[in-house]
Each structure stands twice: as C-alpha cells, then as structure tokens.
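The values are calculated or read from the model by the stated rules, or taken from the named source; none is laboratory data. What you see is a predicted model; the values in this text were computed from it and never measured. All Cβ positions, even for glycine, are placed from backbone atoms using ideal geometry, and neighbour counts span all protein chains on display. These accessible areas exclude ligands, DNA and RNA; they are computed on the full protein's heavy atoms, side chains included. Shrake-Rupley method; radii C 1.70, N 1.55, O 1.52, S 1.80 Å.
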Amino acid sequence: ILKNGEIIDHEQTITVEVINYVVAFNVIMNKSTYKYGDELDYTAEITYANGETADATTSENLSTNYNNEQLGEQTVEFKYVENLELVEETNELTAEVVVNVIDYITAIEITSPLSKLEYQIGEEINLEGLVVTANYASGATKDVTSDVVLTGFDSSVAGTYEITVTYTENLTAVGEEN
C-alpha cells in the first residue's frame, strides 16, 4: 500500500487450529471364551487422522456392554467416544466382537451322606443315599452323584477310612486360543 509515496504495510493475524481426531478404532481380543465373572481380555487401538496410533484400552472414552454374568454367547459392542470441543461435535466409533461366558464349579457338596457306613471285610461300598451337588459360580447347582469318583476305601483290610469324593468337569474351552 502506498501513501504519499511511502510503503505502509498493515498486517493482521488470524488464528486457526487444526484438529487431529480419531478416524479408526480396533479391538483385538486375547481370547473369546470367559469364565463367569471374568473381565474381558483385549487391546483397543485408535488411529488418528494424521496416521498416529494410540492404545485406548484404559481410555475413559471407551465403554462396552459386556456382561460377565450373562452365560452363553453374547455380542459385545465397544464404543469409543471423542468430544471434539472446538467444533462442538462428538466422534463415535464402534467395534463388535462375539464372546462366550461359561459357568464353572466352585465346590462340590455332599448333600446326603451314604446310608450305610459299616462294612464287612470283602464287601463292596454301597452308594445308596449318597447325593453330591456341584455348586457353580453363577449360583446354579447340579446333582453330579452319578459322575463322582470315590477313593480311599479298601474293604480287604479292617479299619476306619476317610473316603474322598471327587467330581471333575471338562472346562477345555477356558483359555482356548481362538
């Protein structure tokens, strides 16, 4: 700009801000089968518009609808919500995974003892009256009498015996790599 033959510069500045925001959200499950009451085992990662990535596993912006007391298969939705205050918008990204929650035994209980407690040499043990109940983490119970193994009884030798009652249930799905 010229004024009376002199060059006069006038400047004004404008402040702008470039917002880096989340463009992708990924959840990696470390397993797909969980025991009743277990927390999810996963890693969450976010990718920003500029290509940078960050671990979002413990982020306050991350939520899920997982219910560790709901037995069976369930679809779990992970939601990552980012508040973009400068533009007064919310950026919400989701990811879904399928997990299976299984019950497991916490204890067995002899709910009714053997009817017969005295035997003669050579006599086989009589299981009449015996009722064994399995107690599960969910609070469920199951009669497992027909599947128990009794050890510690030897009718070939006179004496007093402590009989051990054992019940084993197959939980091969727990910890399985999927």
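A few comments on the model shown:
- Subset of segment 15-36 (residues that are surrounded by fewer than 13 Cβ atoms within 10 Å (Cβ to Cβ) and of a type outside the set (A, V, I, L, M, F, W, C)): Thr15, Glu17, Asn20, Asn30
- Test result for Asn20, closer than 30 Å to Ile102 by Cβ and assigned to a loop (DSSP other than H, G, I, E, B): no
- Restricted to segment 37-64, and to residues there that are in a loop (DSSP other than H, G, I, E, B) and of a type in the set (A, V, I, L, M, F, W, C), the residue that is surrounded by the most Cβ atoms within 10 Å (Cβ to Cβ) is Ala56.
- Pairs are defined by a Cβ separation below 9 Å, a sequence spacing of at least 6 or placement on different chains, a first member in segment 19-45 that is within 11 Å of Ala56 (Cβ to Cβ) and in contact (Cβ under 8 Å) with a residue 40 or more places away in the chain, and a second member that is surrounded by fewer than 16 Cβ atoms within 10 Å (Cβ to Cβ) and basic (Lys, Arg); the pairs so defined are Phe25/Lys79.
- From the list Gln70, Gln74, the one residue that fits, being in a loop (DSSP other than H, G, I, E, B), under 30 Å from Ile46 (Cα atoms) and touching a strand residue (DSSP E or B) at 6+ places or on another chain (Cβ under 9 Å), is Gln70.
- Residue tally, condition surrounded by fewer than 11 Cβ atoms within 10 Å (Cβ to Cβ) and of a type in the set (A, V, I, L, M, F, W, C), over segment 140-171: 3
- Asn67 vs. criteria among the polar types (S, T, N, Q), in contact with an Asp or Glu (Cβ under 8 Å, 6 or more places away or on another chain) and open to solvent by less than 80 Å² (accessible area, probe 1.4 Å): no
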